[in-house]
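Read the structure below first, then the notes.
Taken together, the values in this text are just the output of simple stated rules run on the coordinates, not laboratory data. This one's a predicted model, so the numbers in the text were calculated from it and none came from an experiment. Here the Cβ positions follow ideal geometry from the backbone for every residue, glycine too, while neighbour counts run over all protein chains shown.
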Amino acid sequence: MSSDFPIVFALYPRLTQLDFTAPLEVLARLPGASTVLAASRGGELSADGGVVFANVRPLDEVAACALLCVPGGFGSTAAMEAACPTQIVTISGRMKSMVSKMASPAVMEPPGELM
């Protein structure tokens, strides 16, 4: 399915489930939007509260991205120390729009200012 506005959620182990699902529920309703769940290796991923997300795509396989959302969580430090940042920067180079780092409060930045 083709989308005018592909939204990629970059997930990692021990993310905070609410920081992810609340924005997903809102953004998925934008006209022309499609959502992609992606993580460093793809597959299954466990959130901090025990929720498991299945069928998560590897970040390297993400071809298009208009909005990149990185939710908050207790695993964010470990994710930033792993391979994830390099993959996110690669994705942000393919972006048409903005980067969103989900936190309190959420911050929107142009793609070149992710790191």
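Proximity of backbone amide H atoms, modeled 1.01 Å from N, is registered between C65 and K96 at under 5 Å, excluding neighbours fewer than 5 places apart on the same chain.
Listing F74, F53 from the residue with the fewest other Cβ atoms within 10 Å to the one with the most, what is the order?
In increasing order of surrounding Cβ atoms, one gets F74, F53.
Length gained on full extension, D60 to A22: 11.2 nm, using 0.36 nm per residue less the C-alpha separation.
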